[in-house]
Amino acid sequence: MRTTLSRHGRLLASIAAAGLLLVGCGTGPSQVGAAAIVGDTKIPVSQVKSWFTEVLDKEPRLRSQLEERDGLDDLGRALAGQLVRQELIAEVAEREHLSVDERQVDAMIDRWGGPRATEGEVFTPGNVREFARGEALVTELGRRYFDGLSVTFDYTQATSRSSAQRKAEEMARGGAAATELIERDTAAGTPAGTGQRLRAADSPKLAAATPLFGAEPGTVLAFEPERNAGQWLIVRIQERVAEPSPRAGAADDATLHGLGSQLLGLTADRVGVRLSPRYGAWDPIGLTAAPSEGETTGFRLTAPSSES
C-alpha cells in the first residue's frame, strides 16, 4: 500500500480517504514512548515525529493546508500506520524467507513515478527505497500463495455496521450460536450458508480487496466487500489451505500485491499489534490506523479455541 499525500489537493484528499496523529489528543501510549508495538518490536513516537518533520520540510506548503483542514492528525496517523505495516512486512518476510532483488525495487519505484516518486507523497528520498522494497516483498508474498490458497467458511450478511458487529460477535461464539444465526437469517431471506469454499485464483477480486483469505480457521471477519455500499459480509473461517506455488496463474502484480497485503492480517493476528491511543485505533481489517474504534473498516474476532 502506498500512502499518497497529494499534489497538493490530491495529497489532502488521499490522506483523508486512506484513513491513515502525531500531535493529536488523547491518552498516552500504554508503553512510554511507543507509537505502536508489533509483536516484541516497539515503534517509537520519535520515529513518527522525525518522518512527520521530513514530510513537511519536503512539502513546504503542506502544513498550512493541513492546518486549514485539521489534517495534521491524519498525516501523523498515516505515518504510524505505515510504520506498523512495514514491521508486519519484515515479520512475514523473515518467517517466509522472502526476498527481492534491486531490480524489483527499481520497478516498484518506477511504478510510483521514477525519479519523481517522492513528489506529493509521504515517502522521502531517504526512505523511498526501503518502502518500495517492502511493497515488492508484499507482491512476492501474494505470488507465493495465489494459486494454492483456498478457504471454507460459513457466512451471513448485514446492512449496517451495528448489525454486522452484533452478528460477528454471535458467530464468534461458534457452535449452536453460529448455527442458529445462519438458520435464522436464512429463514428471514438473508443470504447465508455454511461450508462455502473459494479459491483465491477463482476469486481474484475478493482475494486482493478483502481479508477473506487472510485469516486462520476460527476467525470471524465482518467487512464490506465494497466500501460504503451498505452491504456487510460476516464470515467464520472453517478451513484454510495455503500451499506455496511456483506460479501465480494469470494474476497481475496489482492483484498479487493486493492479496499479499491481505495476508499481512495473519501476521498481525499472530504477533499482535498495539497502537497508542495517540494515533487512534488499530484497524484489524484495513490493517492500518483508524481515527477511532468506531471508524475501522470492520471487525476481526477469534472464536474460543474449543470451537475453532
Inset, instruction - Work out how much length Lys49 to Val241 would gain on full extension: take 0.36 nm times their residue separation and subtract the Cα-Cα distance, in nm to one decimal. - result: 65.0 nm
Legend entry - Nearest-0.05 FRET efficiency for Glu68 and Thr302, computed from C-beta distance (R0 51 Å): 0.75
Legend entry - Pair Arg184, Thr152: separation of 7 Å Cα→Cβ label points (nm): 2.6 nm
Legend entry - Two-site label geometry, Lys205 and Glu130: point separation in nm, points 7 Å out along Cα→Cβ: 3.8 nm
Inset, instruction - Work out the FRET efficiency for Ala250 and Thr41 from their Cβ-Cβ distance, taking R0 = 51 Å, and round it to the nearest 0.05. - result: 0.90
Inset, instruction - Hand me the trypsin sites (Lys or Arg not before Pro) from region 167-262 located in a DSSP loop with no more than 15 other Cβ atoms within 10 Å, in residue order please. - result: Arg227, Arg247
Inset, instruction - Quickly work out the Asn228-to-Asp101 label distance, labels modelled 7 Å from Cα along the C-beta direction, and quote it in nm with one decimal. - result: 4.3 nm
Inset, instruction - Take region 84-148, compute every pairwise Cα distance, and split them into 10 Å bins from 0; I just need the percent in each bin. - result: 21, 50, 25, 3
Legend entry - Chain lengthening between Thr159 and Ala281 when straightened (0.36 nm per residue, less Cα-Cα): 41.6 nm
Legend entry - Pairwise centroid distance, computed over Cα atoms, of region 185-218 with region 44-58, Å: 39 Å
Legend entry - Prolate/oblate/rounded label for region 180-308 (Cα gyration tensor, a/c 1.5): rounded
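Here, each number is a calculation from the coordinates, and none is a lab measurement. Computed from a predicted structure; not experimentally measured. FYI the Cβ positions are ideal-geometry reconstructions off the backbone, even for glycines, and counts take in every protein chain you see.
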